[in-house]
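These notes are about the structure you will find just below.
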Amino acid sequence: MEAELLGELRRVRGKENLLYRIAEAASEHPDGKVRDVIFPVVGEETLANLVKEYRASDGPFKRKVHTVMRASYSSHYRRMLPKLLEVLDFRSNNAIHRPLLDALSTIRSRRDEQVQHYRLDDVTVDGVIRPKWRDVVIETAPDGDKRVNRINYELCVLESLREQVRCKEVWVAGAERFRNPDEDLPSDFGERRTACYERLGLPLAGDAFVDGLRAEMAGALATLNQHMPANPHVRLEPGRKRKPIIVSKLEPQPEPPNLAALKLELARRWSMTSLLDILKETDLRVDFTDAFSTAASREALDREEVRRRLLLCLYGLGTNAGLKRLGIGNGVSYKELLHTRRLYLDKQSLRDATRRVINATLAARRSEVWGEGTSSCASDSKKFAAYDQNLMTEWHVRYGGPGVMVYWHVERKAACIYSQLKRCSASEVASMIEGVLHHDTDMEVERQYVDSHGQSEVAFAFCKLLGFALLPRLKAIASQRLYLPGAGTAGQYPNLDPCLTRPIDWELIRTQYDEMVRYATALRERTADPESILGRFRRSNPQHRTYRALTELGKAAKTTFLCDYLGSEALRREIHEGLNVVENWNGANSFIWFGKGGEVATNRHDEQEVSLLSLHLLQSCLVYINTLMVQRVLEEPQWTKRMTQADFRGLTPLVYSHVSPYGSFELKMDERIDIELKMAS
């Protein structure tokens with residue numbers, strides 16, 4: 001519907017002036033023809049565009065959408081509704097949503113009636129039908145009485161149900177994802193309250209938390225206000241009411257002079273190293289295949305043969321080349337590899353194996369090459385094409401086409417500490433929080449870089465409660481607003497006046513402080529997945545007091561961040577550099593995941609996860625071996641002297657110009673990659 005309307009839309013500007021000119025021409029020639037009187041004043045094309053713009057406006061557009069929905073629902077989907085309502089038991093902990101449950105009961109109890117309309121007094125309307133749909137639901141009968149169109153009523157009830165189920169105001173008995181929201185929270189929080197606060201590093205008293213946050217926010221605003229007149233890269237334009245902030249683009253940093261030569265040196269010493277050999281060498285050093293155990297009652301094969309078959313399976317799945325290709329030339333049949341894959345490879349084992357490789361990479365790094373240990377991480381998603389006949393595949397709004405999303409968490413030196421397979425419509429905020437809390441590697445994340453889709457006011461609030469800094473690169477930086485730390489404080493920041501707005505509601509934060517900490521504890525202790533918990537805090541659920549308190553807390557935390565972001569070019573550059581690392585990781589995905597046109601070639605969710613986790617493991621092995629290779633080259637005096645500060649700044653182990661993922665897939669366990677003894681000739 002949107003594509004159809006936007007394709008025809010041509011926005012007409014100056015409508016008041018056009019109306020005046022049309023009225024003037026019509027009043028001067030009331031008996032004239034439209035083509036002779038109106039078209040010379042306002043062209044025919046302009047009037048046609050004006051009509052299209054009106055049809056694309058909110059009211060007509062929604063009515064047209066409703067017409068299409070009704071046709072699809074009445075001719076197809078409505079046949080499923082009675083059976084679904086028979087097996088799904090919808091409940092709510094909030095009396096406000098009682099009318100919606102009553103409407104569902106009405107639809108369920110009257111499913112066998114052959115009528116097109118209900119009497120208005122027989123169904124629940126208030127609290128169920130949105131005001132914008134009342135005129136299409138409630139009709140006037142020939143006798144003048146009001147009646148309810150049955151199909152339109154069912155559509156509106158299902159639309160309201162969808163919104164309330166998403167935010168868990170209505171839940172489904174016996175469900176997992178849409179279960180009772182009270183089950184998502186720790187039931188013994190009251191007994192462990194002090195310990196929970198200590199684990200999060202938060203004060204027990206809400207007053208202390210609010211006072212500290214207000215002081216931090218006031219200090220950030222004062223600092224930005226003081227330095228804004230001398231800031232050469234940021235300015236505020238009072239005349240741009242909606243977009244007052246103007247941030248200059250960052251100047252390019254000096255090009256590293258020796259990194260290209262370093263890549264050539266890697267290609268010269270380890271020319272066309274097989275990616276399969278890189279996987280094998282990593283296992284011989286890290287023993288990550290010990291993380292895989294058989295699901296059978298006993299292990300019949302020798303462990304070395306199991307290791308060999310596991311490496312072939314991991315390579316076939318991680319490159320998407322498939323298991324059949326790996327059996328050729330290695331003396332193993334496709335059925336034997338398939339048997340190994342089914343007995344040994346599962347989600348948890350793959351995560352454990354990847355964690356071992358990441359920890360080995362972090363431990364192998366030399367500080368003089370890679371710098372001191374980092375606590376910063378960047379996260380972003382990448383779309384993978386997938387078969388469309390499964391529950392995971394969705395149409396991606398931004399990238400187009402059906403597929404799934406993989407959300408990566410990559411630290412500053414290209415070690416990916418966590419990955420998640422998600423639907424395209426899944427919350428990136430929830431994925432970001434899950435990766436920070438559940439990565440289980442030796443890295444402690446204190447600073448998290450995201451793009452605009454990985455942040456929100458609720459995200460800022462939870463990151464503040466969970467104890468790590470959220471650092472987004474905001475696409476709509478021009479329209480951001482700064483909030484005041486208190487009433488009557490606007491005059492204290494005259495240089496920030498164009499982007500200042502209302503004060504923060506500190507009392508709401510104070511009264512809901514304990515409940516917010518309870519939700520943060522649930523995230524920390526994994527009583528439910530972050531997407532289920534954050535699903536409660538949506539714009540369609542504004543009456544939830546904890547949601548309103550979280551948005552206020554998020555506004556305060558985001559204001560502090562924006563002050564630092566606008567006032568510090570170094571912070572802006574740091575965020576850009578961090579996100580460039582995860583973009584580089586996404587680019588390497590295409591190099592490794594080359595099989596079957598880059599499409600996830602299975603419809604089963606568990607098999608999709610195994611394939612993409614194998615990709616994560618294979619790419620992590622590449623980073624590990626490259627880390628050792630780069631360090632081996634740079635320990636030689638001639639290379640140590642050549643490296644400059646710019647070289648070390650841009651140095652990354654995620655390079656693959658010396659790697660070949662193609663060719664014949666031959667696994668020779670007795671051959672090793674010569675890393676330690678590979679000297680310059």
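Scanning the range 139-157 for residues that are among the aliphatic types (A, V, I, L, M) and surrounded by fewer than 18 Cβ atoms within 10 Å (Cβ to Cβ) yields Ala141, Ile151. Evaluated against (1) more than 30 Å from Gln455 (Cβ to Cβ); (2) surrounded by 15 or more Cβ atoms within 10 Å (Cβ to Cβ), Arg642 falls short on exactly one condition, (2). For Ser681, the criteria (1) farther than 23 Å from Val332 by Cα; (2) modelled with pLDDT of 90 or more hold in every case but one, which is (2). Listed by position, the helices (runs of 4 or more DSSP H) contained in the range 330-399 that have at least 1 residues being touching a residue at least 40 places away in the same chain (Cβ under 8 Å) and either touching a Lys or Arg at 6+ places or on another chain (Cβ under 6 Å) or β-branched (Val, Ile, Thr) (or both) are 347-364, 367-370.
Looking only at the range 657-668, count every residue that is surrounded by fewer than 20 Cβ atoms within 10 Å (Cβ to Cβ) and of a type in the set (Phe, Trp, Tyr) and tell me the total.
Initially, the range 657-668 is screened for residues surrounded by fewer than 20 Cβ atoms within 10 Å (Cβ to Cβ), giving 657-658, 660, 662-664, 666, 668.
Imposing the further condition that a residue be of a type in the set (Phe, Trp, Tyr) reduces the set to 662.
Selection size over the range 657-668: 1.
Taking the range 216-253 as the range and being hydrophobic (A, V, I, L, M, F, W, C) and closer than 22 Å to Thr489 by Cβ as the test, the residues that pass are Met217, Ala218, Ala220, Leu221, Ala222, Leu224, Met228, Val234, Leu236, Ile245.
From the residues in the range 186-224 that are crowded, with 17+ Cβ neighbours inside 10 Å and aliphatic (A, V, I, L, M), which one is farthest from Arg518 (Cα to Cα)? Ranking the qualifying residues of the range 186-224, first place goes to Leu224.
Look at (1) farther than 26 Å from Ala556 by Cβ; (2) in a helix (DSSP H, G or I); (3) outside the structural domain of Asp121 (by TED's automatic domain parsing); (4) not polar (S, T, N, Q) and you find that Asp188 fails only one, number (2).
The set of residues from the range 571-612 being under 18 Å from the mean Cα position of the chain (by Cα) and of a type in the set (A, V, I, L, M) comprises Ile575, Leu579, Val581, Val582, Leu612. Being touching a residue at least 40 places away in the same chain (Cβ under 8 Å) and small (Gly, Ala, Ser) holds for only one residue in Gly174, Gly212, Gly190, and it is Gly174. The test for being part of a helix (DSSP H, G or I) and either without any contact (Cβ under 8 Å) to a residue 60 or more places away in the chain or within 26 Å of Glu599 (Cβ to Cβ) (or both) holds for Gly316.
Screening Ala321 with (1) touching a residue at least 40 places away in the same chain (Cβ under 8 Å); (2) buried (at least 20 other Cβ atoms within 10 Å of the Cβ); (3) within 24 Å of Gly403 (Cα to Cα) gives one miss only, at (2).
Among the candidates Thr560, Thr551, Thr521, the residue that is under 22 Å from the mean Cα position of the chain (by Cα), of a type in the set (Ser, Thr, Tyr), closer than 25 Å to Arg473 by Cβ and at pLDDT 90 or above is uniquely Thr551. If you go through the range 333-358 and keep only what is buried (at least 20 other Cβ atoms within 10 Å of the Cβ) and hydrophobic (A, V, I, L, M, F, W, C), you end up with Leu337, Leu345, Leu350, Ala353, Val357, Ile358.
Whether any residue in the range 402-411 is buried (at least 20 other Cβ atoms within 10 Å of the Cβ), of a type in the set (Asp, Glu) and in contact with a helix residue (DSSP H, G or I) (Cβ under 7 Å, 6 or more places away or on another chain) is what I want to check.
Scanning the range 402-411 turns up no residue that is buried (at least 20 other Cβ atoms within 10 Å of the Cβ), of a type in the set (Asp, Glu) and in contact with a helix residue (DSSP H, G or I) (Cβ under 7 Å, 6 or more places away or on another chain).
Considering each residue of the range 374-388 in turn, at least one proves to be surrounded by fewer than 18 Cβ atoms within 10 Å (Cβ to Cβ) and more than 19 Å from Leu421 (Cα to Cα). Please indicate, with yes or no, whether at least one residue in the range 289-305 is part of a helix (DSSP H, G or I), among the β-branched types (Val, Ile, Thr) and over 16 Å from Leu615 (Cα atoms). No - not one qualifying residue is present in the range 289-305. Total residues in the range 584-602 satisfying the condition of being in contact with a strand residue (DSSP E or B) (Cβ under 7 Å, 6 or more places away or on another chain) and either assigned to a helix (DSSP H, G or I) or β-branched (Val, Ile, Thr) (or both): the figure is 5. Among residues of the range 271-302 being basic (Lys, Arg) and under 20 Å from Val357 (Cα atoms), the one that is surrounded by the most Cβ atoms within 10 Å (Cβ to Cβ) is Lys280.
With the condition being surrounded by fewer than 17 Cβ atoms within 10 Å (Cβ to Cβ), I'd like the strands (runs of 3 or more DSSP E) fully within the range 426-536 carrying at least 1 qualifying residues. The qualifying strands (runs of 3 or more DSSP E) are 500-503. A search for C-beta distances below 7 Å between a residue of the range 250-269 that is more than 14 Å from Ala646 (Cα to Cα) and any residue that is among the basic types (Lys, Arg), counting only pairs 6+ apart in sequence or on different chains, returns Leu250/Arg572; Leu250/Arg573; Arg269/Lys678.
Before we move on, is His616 more than 26 Å from Glu446 (Cβ to Cβ) and either in contact (Cβ under 8 Å) with a residue 40 or more places away in the chain or assigned by TED's automatic domain parsing to the domain that holds Ser349 (or both)?
no
Is the range 87-95 home to any residue that is surrounded by 12 or more Cβ atoms within 10 Å (Cβ to Cβ), over 18 Å from Ser160 (Cβ atoms), in contact with a Lys or Arg (Cβ under 8 Å, 6 or more places away or on another chain) and not β-branched (Val, Ile, Thr)? Scanning the range 87-95 turns up no residue that is surrounded by 12 or more Cβ atoms within 10 Å (Cβ to Cβ), over 18 Å from Ser160 (Cβ atoms), in contact with a Lys or Arg (Cβ under 8 Å, 6 or more places away or on another chain) and not β-branched (Val, Ile, Thr).
The values are calculated or read from the model by the stated rules, or taken from the named source; none is laboratory data. Remember, it's a predicted structure, so these values are computed and weren't measured experimentally. Using ideal geometry, Cβ is built from the backbone for each residue, glycine included, and neighbour counts are taken over all protein chains shown.
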